[in-house]
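Below is one structure; the comments refer to it alone.
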Amino acid sequence: MAASKSVGKLVSHVIVDLDGTLLNTDSVANQILKSFLAKLGKKWDSKSAHRIVGRTPLEAAAAVVEDYQLPYSKEEFLSMITLLFADQWCNIRPLPGANRLIKHLRSNGVSMALASNSPKSNIEAKISCHNGWKDTFSAIVGGDEVEKGKPSPDIFLEAARRMNTEPSTCLVIEDSIAGVTAGKSAGMEVIAVPSIPKQVDKFSSASEVVNSLLDLQPEKWGLPPFEDWIEGTLPIEPWYIGGPVIKGFGRGSKVLGIPTANLSAESFSDILSEHTSGVYFGWAALSTRGVYKMVMSIGWNPYFDNTEKTIEPWLLHEFPEDFYGEELRLAIVGYIRPEANFPSLESLIARIHEDGRIAEKALDLPLYAAYRDSPYLTNPLPESNS
Ligand code: ADP
Ligand code: RBF
Ligand code: MG
């Protein structure tokens, strides 16, 4: 499922990065920078996010001051931004799979450390907002506790030292290139979970690259396997999204037998940024027609290499006509796989049909079937305000 160069060395300890790996810090950082720059009459371009991911706070501040020609020194800018962040610590949400990973390793007695370029006090403030996180880590190392931050190996070496273990027994989980470099220089195995899309080629030094924490296979590293997959599906905390069906790319998916009823990615950019790309499934309601099984992709459709993250729900039902403009509501209850590229359109289509069969079958399991009756799907629309 996940791209793997070779089955790695066996490890006994896990060291995780915080921002971008366990926490969706980028989403809050984007909001803060956007409103800060707006006050200066400038427009934040989230595409410059790659300039700040994985940097020390001062390096990240320097990059923004330079890119946007701000009338402040990097130190002044950092202290202003730090104040804005301090109000938002508890609004930073765990990334999909973060709580699952933490619970899994904790309940199996695997030693875990947290290693971040952020100052220790910021790390503690951030993790205090999440139940059970702090006690899970047998060591927490901040960027201010070592001489040099990532990409230097210091932080990871210090984490191993505090866990009383050798670097070679440690597996690092990291979203940034700087972090991968740091882990490798520390002599550790490194799984990359890139937080910036379409940059996978830049992570070639990692031992393995996975699309999201949902795709981790700890048994590859001698760690206890996850046991929550059921019939090729992973139950997730359900989430809900809906709106009028809009025109998609018009690639003739229908001709291929896979029509996808697109929702406006623009209107849902916040909720979409919270969910990692991949193939999911659940229930779909059309207000005037009923509730149907549904399988969908979220992401950039690697085969077509889209520039925009879209949501592509395929309802597992034959309809006599199109339903553009109708209200579509989705309850997304499970995960199947990461998005992938394929050598041919035929192989992409075959895989999507297999996803459809997996979803069709799984949705009969009581665990997933229960969400068919979600009030979000079955309640009539609130009075239209038009
Ligand atoms: P577009 O690029 O506009 O999304 P598609 O070829 O993907 O075009 O077709 C999607 C449209 O087909 C939907 O918006 C909907 O109106 C219609 N449709 C018919 N059957 C289905 C189905 N089973 N699942 C999703 N959409 C369907
Ligand atoms: N596109 C990809 O490029 N890679 C994928 O792995 C992929 N998986 C999909 C899975 C499902 C269940 C659905 C409905 C779509 C998927 N797509 C994927 C998107 C697909 O390319 C898009 O909907 C096309 O327009 C279908 O022809
Ligand atoms: Mg479509």
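Every number here is computed from the coordinates shown, using simple stated rules; none is lab data. All figures in this text were calculated on a predicted structure; none of them were measured in a lab. So basically every Cβ, Gly included, is an ideal-geometry build from the backbone, and we count neighbours across all protein chains shown.
Give me the distance in nm between label points sitting 7 Å out from Cα along the Cα-to-Cβ direction at His317 and Leu10, one decimal. Those two pseudo-labels are separated by 5.1 nm.
Note: relative contact order over the chain, using C-alpha pairs below 8 Å and six or more positions apart, is 16 percent. Taking 20 Å as the straight-line reach from the Cα of Lys220, the lysines in range (excluding those fewer than 8 positions away in the same chain) are Lys5, Lys9, Lys103, Lys184. Over the range 220-332, the fraction of Cα-Cα pairs per 5 Å bin, rounded to whole percents and listed from the shortest bin up, is 2, 10, 21, 24, 18, 12, 6, 3, 2, 1, 0. Annotation for the range 39-137: trypsin sites (Lys or Arg not before Pro) lying in DSSP loop with at most 15 further Cβ atoms inside 10 Å of their Cβ are Lys42, Lys43.
Each Cα pair under 8 Å and six or more residues apart adds its separation to the average, and for the range 149-193 the resulting relative contact order is 45 percent. The protection proxy used here, the mean number of other Cβ atoms lying within 10 Å of each residue, ranks peptides 29-37, 334-342 as follows, highest first: 334-342, 29-37. In the range 297-386, Cα pairs under 8 Å separated by at least six residues give a relative contact order of 30 percent. By how many degrees, 0 to 90 and rounded to 10, does the Cα axis of helix 25-39 deviate from the longest principal axis of the chain? Approximately 90 degrees, to the nearest ten. For the chain, adding -39500 (n - 2.57) for each run of n ≥ 4 DSSP H residues and dividing by the number of residues yields -8000 deg cm²/dmol at 222 nm. For the pair Ala350 and Leu37, the difference between a 0.36 nm per residue extended length and the Cα-Cα distance amounts to 108.0 nm.
Taking other residues whose beta carbon is less than 14 angstrom from the beta carbon of Gly20, and scoring Lys, Arg as +1 and Asp, Glu as -1, yields -1. Round to the nearest 0.05 the FRET efficiency obtained for Gln199 and Lys254 when R0 = 45 Å and r is the Cβ-Cβ distance. With R0 = 45 Å, the Cβ-Cβ based efficiency is 0.85.
If you take the alpha carbon radius of gyration of the chain and divide it by 2.2 N^0.38 Å, what ratio comes out, to two decimals?
It is 1.04.
For the pair the range 160-221 / the range 82-114, the C-alpha centres are spaced 16 Å from each other. Of the trypsin sites (Lys or Arg not before Pro) found in the range 261-323, those in coil by DSSP whose Cβ has at most 16 other Cβ atoms within 10 Å are Arg289. One decimal place: the segment Ala63-Lys103 gains 10.8 nm when fully extended, by the rule 0.36 nm per residue minus the C-alpha distance.
Within 10 Å, count the other beta carbons around each residue, average over each peptide in 231-239, 343-351, and list them highest first. Walk me through the numbers on the way to the answer.
Numbers: 231-239: 16.0, 343-351: 12.6.
Going from most to least packed, we get 231-239, 343-351.
Between the beta carbons of Glu76 and Asp270, assuming R0 = 25 Å, the FRET efficiency works out to 0.25 to the nearest 0.05.
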